[in-house]
Amino acid sequence: MTGLLSVTGLNVFYGEFQALFDLSMTVGQGECVALVGSNGAGKSTLLRVLSGLMAQRSGHVALRGEEIGGIGAECVVRRGVALVPEGRRLFPSLTVEENLLMGAEARRPGTWTLERIYRLFPNIAERKRNLGSALSGGQQQMVAIGRALMSNPDLLLCDEISLGLAPVVVRELYARLAEIRAEGMAMVIVEQDIAQATKVADRLYCLRSGRVALEGRPADLTRHDITEAYFGMETAHGA
Ligand code: ATP
């Protein structure tokens, strides 16, 4: 698989606190990579750096061979990386359509339009004049995904899209993500549910305490490998 994103030797800090240590990962064109790991492992921090919301102290983030680490969120979107943030982060006082259009501010040429997003998510098409605050959690997540697609990215970063949603809604969202992927979109998916992550991902990275504890294709990893990397030696052997 040809390389799209290449992260090497990333060290990231909040003040004096180091959240990521010498972290390296890759995402191929059209590849779906899952990031798993317990609370505080560094998954959201990594997505913040990939999306330009935070800068690394050292290391590189290269998209198609060009450095995007530290260039800022808007420039990163213009290069083709869009984030679906944890907690959806819609503007509650704007309508569904206005929220979607916010994603078009740094729009690149491409095929994602309001009409296509409404076809993908008929649920939100029916509510396009409703305020963000009037939507269910699942509908808000659809708008958050649609808003990211409006920039026509090559790489979609999804931070815990299942969080707090009913299983039936989670299945629906992942079915729509599969349709988006079928068109060649690369994805990085942060997912707490290991079963879900192994189902959708071509490759998986397990982070622990800011480091890659395990990497591989789901078919090559056992459940034991993953839980051991997820929780660390002590708990995994006791579990
Ligand atoms: P979660 O599933 O809880 O979101 P995560 O794997 O996404 O976990 P991060 O949110 O990236 O983990 O956090 C990694 C580490 O960085 C944690 O120790 C966390 O306490 C710390 N951290 C995260 N955000 C900040 C911040 N704004 N200021 C200081 N430390 C932070």
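The values are calculated or read from the model by the stated rules, or taken from the named source; none is laboratory data. From a predicted model like this one, the values you see are computed outputs, not experimental measurements. Note that we place each Cβ from the backbone using ideal geometry, even for glycine, and neighbour counts take in every protein chain shown. For the accessible areas, the whole protein counts, side chains as well, though only heavy atoms, and no ligand, DNA or RNA atoms are used. Shrake-Rupley method; radii C 1.70, N 1.55, O 1.52, S 1.80 Å.
When residue 73 is tested against (1) within 16 Å of the ligand (Cβ to nearest atom); (2) farther than 15 Å from residue 187 by Cα; (3) touching a residue at least 24 places away in the same chain (Cβ under 8 Å); (4) open to solvent by less than 50 Å² (accessible area, probe 1.4 Å), just one condition goes unmet, and that condition is (3). Among the residues examined, residue 45 does not qualify as among the hydroxyl-bearing types (Ser, Thr, Tyr) and more than 9 Å from the ligand (Cβ to nearest atom). Among all residue pairs at least 6 apart or on different chains, which show Cβ distances below 7 Å where the first residue, located in segment 27-51, is in contact (Cβ under 8 Å) with a residue 40 or more places away in the chain and farther than 15 Å from residue 207 by Cα and the second is near the ligand (Cβ under 7 Å from one of its atoms) and open to solvent by less than 10 Å² (accessible area, probe 1.4 Å)? That search, which allows pairs on different chains as well, returns nothing.
Residue count for segment 183-233 under the criterion of being under 22 Å from residue 19 (Cα atoms) and among the basic types (Lys, Arg): the result is 2.
Restricted to helices (runs of 4 or more DSSP H) entirely inside segment 101-207, those with at least 3 residues that are within 16 Å of the ligand (Cβ to nearest atom) and touching a residue at least 24 places away in the same chain (Cβ under 8 Å) are 194-200. With respect to the conditions (1) more than 13 Å from the ligand (Cβ to nearest atom); (2) at pLDDT 95 or above; (3) open to solvent by less than 30 Å² (accessible area, probe 1.4 Å), residue 10 lacks only one, and its number is (1).
One residue stands out among those in segment 31-64 that are more than 15 Å from residue 157 (Cβ to Cβ) and charged (D, E, K, R): the one that is surrounded by the fewest Cβ atoms within 10 Å (Cβ to Cβ), which is 57. Exactly one residue out of 166, 178 is under 25 Å from residue 110 (Cα atoms) and open to solvent by 30 Å² or more (accessible area, probe 1.4 Å), and it is 178.
Of the candidates 91, 121, the single residue that is among the hydrophobic types (A, V, I, L, M, F, W, C), crowded, with 20+ Cβ neighbours inside 10 Å and more than 17 Å from the chain's Cα centre (by Cα) is 121.
Does segment 104-114 contain at least one residue that is surrounded by fewer than 20 Cβ atoms within 10 Å (Cβ to Cβ), within 30 Å of residue 58 (Cβ to Cβ) and in contact with a helix residue (DSSP H, G or I) (Cβ under 6 Å, 6 or more places away or on another chain)? Within segment 104-114, one or more residues are surrounded by fewer than 20 Cβ atoms within 10 Å (Cβ to Cβ), within 30 Å of residue 58 (Cβ to Cβ) and in contact with a helix residue (DSSP H, G or I) (Cβ under 6 Å, 6 or more places away or on another chain).
Residue 210 meets the conditions (1) farther than 19 Å from residue 44 by Cα; (2) of a type in the set (Gly, Ala, Ser); (3) modelled with pLDDT of 95 or more in every case but one. The failed one is (1). For segment 199-220, the set of residues classified as open to solvent by 40 Å² or more (accessible area, probe 1.4 Å) and of a type in the set (Val, Ile, Thr) consists of 212 only.
With respect to residue 79, determine if the residue is closer than 11 Å to residue 144 by Cα and open to solvent by 30 Å² or more (accessible area, probe 1.4 Å). When the stated conditions are applied, residue 79 does not pass them.
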